[in-house]
1. Out of the residues in segment 534-570 that are among the charged types (D, E, K, R) and under 29 Å from the mean Cα position of the chain (by Cα), state the one that is least open to solvent (accessible area, probe 1.4 Å).
2. LEU563 passes all but one of (1) part of a helix (DSSP H, G or I); (2) in contact with a Gly (Cβ under 9 Å, 6 or more places away or on another chain); which number fails?
3. Is at least one residue of segment 187-197 closer than 20 Å to LEU386 by Cα and surrounded by fewer than 24 Cβ atoms within 10 Å (Cβ to Cβ)?
4. So if I check each of THR22, THR28, which one is polar (S, T, N, Q) and within 17 Å of the chain's Cα centre (by Cα)?
5. Consider THR16 against the criteria (1) open to solvent by 20 Å² or more (accessible area, probe 1.4 Å); (2) under 30 Å from VAL443 (Cβ atoms); (3) in contact with a Gly (Cβ under 6 Å, 6 or more places away or on another chain): it satisfies all of them except one. Which criterion is unmet?
6. Please return the ranges of strands (runs of 3 or more DSSP E) entirely within segment 439-542 where 3 or more residues are more than 13 Å from PHE25 (Cα to Cα) and not hydrophobic (A, V, I, L, M, F, W, C).
7. So, of the residues in segment 505-533 that are free of Cβ contacts under 8 Å to residues at least 60 places away in the same chain, open to solvent by less than 30 Å² (accessible area, probe 1.4 Å) and of a type in the set (Gly, Ala, Ser), which turns out to be farthest from LEU482 (Cα to Cα)?
Amino acid sequence: MASTGLGAAALAAIGTSAWLATRGFDRTDEGLYLNAIAHPGDDRSTILLFGYAYHPLYVLVGGDVVLLRWAGLLLSVVAIGSLAWVALGTRALVGQRTLPPALRGAASLGLGATALTTIAQMPSTPSYNTLALQGLSLTATGLVLAVTRAGSAGTVGAALVGVGGWVTFLAKPTTAALLAAIVLAAALALPGAWRRRAWATIVAAVASAILALLLGRVSPTGIIDVLSNGLATSTALGGHDDLVRWDAFPLRGTALLVILAAGVVATGVFHLADRASRVRVRRAAGAALGSGFVAALVLGLAAIAVGAIEQWDRAGGGMSVTATAGAATILAACGAGLVTVMVASLVRARPSEVTGTHTVSDRPEPRHLGPVLVGVLILLPPAYALGTNLNLWTAQGRAGSFWVVALCVLLLRHSGASSAPSAPALWTVPVAATLTLLTAMLVATAVAPYRYQPLRTATTPTQVGSGTVRLTPADHQRVAELAALAKRLGVDARTRVLDLTGDSPGSIFLLGARPVGQAWILGGYPGSESAARLAIEHDRCGMRGALLFVAEDAPRALPAGVLDTVGLDLHRDYEVVGVFHRARSSWARSAATVDTVTVHRPRHGLLIPGCSPQLHPDQKKL
């Protein structure tokens with residue numbers, strides 16, 4: 001019964017996410033993601049190298065945006081699901097209990113589906129955040145295997161640690177740095193023969209790096225230059241340089257207290273009642289556990305609903321706070337449960353059993369092996385959040401899958417070896433509760449998606465990239481307008497564009513062109529002009545023959561004066577060759593303001609100091 005329920009809930013969440021991925025297109029952040037993935041080498045000033053990781057996938061799906069989104073969702077589910085499968089089969093974590101394959105598989109699928117919290121009310125296209133989650137999952141899976149498995153399985157685990165570390169570095173160097181510290185601390189805390197496999201970790205990391213550089217056609221010094229330029233540009237921009245943002249916790253007052261209390265009481269009763277051998281007591285403990293988490297969930301959803309309505313009424317529109325408060329609820333409930341179980345574990349500790357499901361470790365390991373591995377899982381969400389420039393609390397909650405896995409293995413371990421009919425399913429309650437909350441977050445995504453109109457209105461099939469995405473009728477017309485302009489101007493995969501609107505990198509992708517300087521030159525920040533000048537300087541020769549997007553009245557527009565960085569002037573060196581319209585980026589549910597963007601093309605004989613001449617497009621046809 002538990003297997004069927006978990007499997008159905010997981011498939012429902014995955015199916016809903018897949019449906020969401022067929023609709024909508026955000027021209028801001030999602031435009032950044034697609035520009036970076038489609039042409040990672042064009043971004044000469046960035047500290048986010050995720051495009052190099054996802055570019056082969058983009059090529060594999062033929063540039064189809066929906067297929068790329070689906071592939072990204074699948075990778076996240078498989079990454080967390082694999083971690084769950086390994087963890088639930090590791091006796092150092094779960095004790096003597098051997099799970100039925102069906103239940104273990106359903107629970108792993110359910111835990112894998114919780115990874116979709118990373119894209120709730122965010123663009124479905126893979127990004128540095130999804131890659132960070134995938135890299136952390138690979139590393140955690142590898143570490144568990146390396147420490148608890150003998151022979152080739154342990155060696156493969158050590159290699160996964162190296163691959164996961166490199167993947168995490170491509171996502172966010174800040175997260176990778178903290179991950180390295182966590183793994184090193186675990187290695188120091190767990191002496192043993194497994195350390196001899198460090199060579200596999202190093203070899204795998206180096207091999208992964210070489211493969212990524214070869215596929216990306218970039219040298220190690222080139223990557224260093226890009227990171228150095230990116231750090232300078234990010235520093236100049238301002239507003240995106242906080243490694244940790246100590247924002248207010250989204251849930252306050254009574255709601256937070258009751259959620260914390262429910263988590264503590266439920267897990268505490270479950271743990272203490274486990275000491276009794278009577279089935280009736282165990283069933284009562286199960287009821288208490290389930291009731292506690294359901295109470296936390298219901299209260300969290302109620303607080304979310306009230307908060308969302310309150311925000312909409314106050315602002316006259318805006319992003320639903322469901323995803324934000326939902327991530328915070330995962331943090332609060334799981335945090336309370338984890339602390340309770342770990343405190344109870346100190347009172348009634350058991351010797352660790354360090355064998356895997358079918359293998360024996362290289363040598364007897366210390367009894368604190370299990371707690372150390374659980375500690376690693378608990379620290380991964382903070383590592384994920386470091387450097388996101390988002391609310392610290394909700395950013396951790398979006399990576400709460402690691403906490404749910406940790407909570408499940410602890411509950412399973414301390415449920416004892418009883419074979420009572422009700423006992424095996426008790427530890428799955430956190431999975432079911434998280435999937436229920438995730439479903440609410442995904443429904444909220446359909447109603448209030450990231451910088452787009454409600455997805456129920458996105459019904460018109462539209463050519464985006466090499467595939468089809470369903471957009472609103474109005475947005476479909478605007479994309480068709482861009483496609484017609486691209487055809488008239490002869491835009492191809494070599495065409496470069498400098499976007500001075502400050503917030504429309506997605507229009508470059510829709511045009512079928514490539515960005516100059518950065519995947520997104522951000523406007524609207526204190527140092528936007530300075531950062532734009534640096535980005536242009538770092539890719540100065542990319543300005544040869546590049547088109548310009550100009551929207552002088554847009555709130556985040558960059559001044560045309562940044563062109564003098566490479567000795568150019570908008571009025572002297574360019575001519576207007578077309579216009580298109582785009583909806584101004586907004587959280588509002590009502591119709592967004594539409595800006596008119598003028599497209600400029602360089603005149604004949606344009607020269608940039610230090611760069612070879614670029615023929616005018618008309619001259620190429622002669």
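1. Ranking the qualifying residues of segment 534-570, first place goes to ASP539.
2. Status for LEU563: all satisfied but (2).
3. The initial filter retains those residues of segment 187-197 that are closer than 20 Å to LEU386 by Cα, namely none.
Checking segment 187-197: not a single residue is closer than 20 Å to LEU386 by Cα and surrounded by fewer than 24 Cβ atoms within 10 Å (Cβ to Cβ).
4. Working: THR22 fails: within 17 Å of the chain's Cα centre (by Cα).
Step by step, each of THR22, THR28 is checked, and only THR28 is polar (S, T, N, Q) and within 17 Å of the chain's Cα centre (by Cα).
5. That leaves (3) as the condition not met.
6. Details: elements: 460-464, 467-471, 496-499.
Qualifying strands (runs of 3 or more DSSP E): none found.
7. ALA532
The values are calculated or read from the model by the stated rules, or taken from the named source; none is laboratory data. This one's a predicted model, so the numbers in the text were calculated from it and none came from an experiment. Glycine also receives a Cβ, built like all others from the backbone with ideal geometry; neighbour counts cover every protein chain displayed. Surface areas here come from the heavy atoms of the whole protein model, side chains and all, with no ligands, DNA or RNA. Shrake-Rupley method; radii C 1.70, N 1.55, O 1.52, S 1.80 Å.
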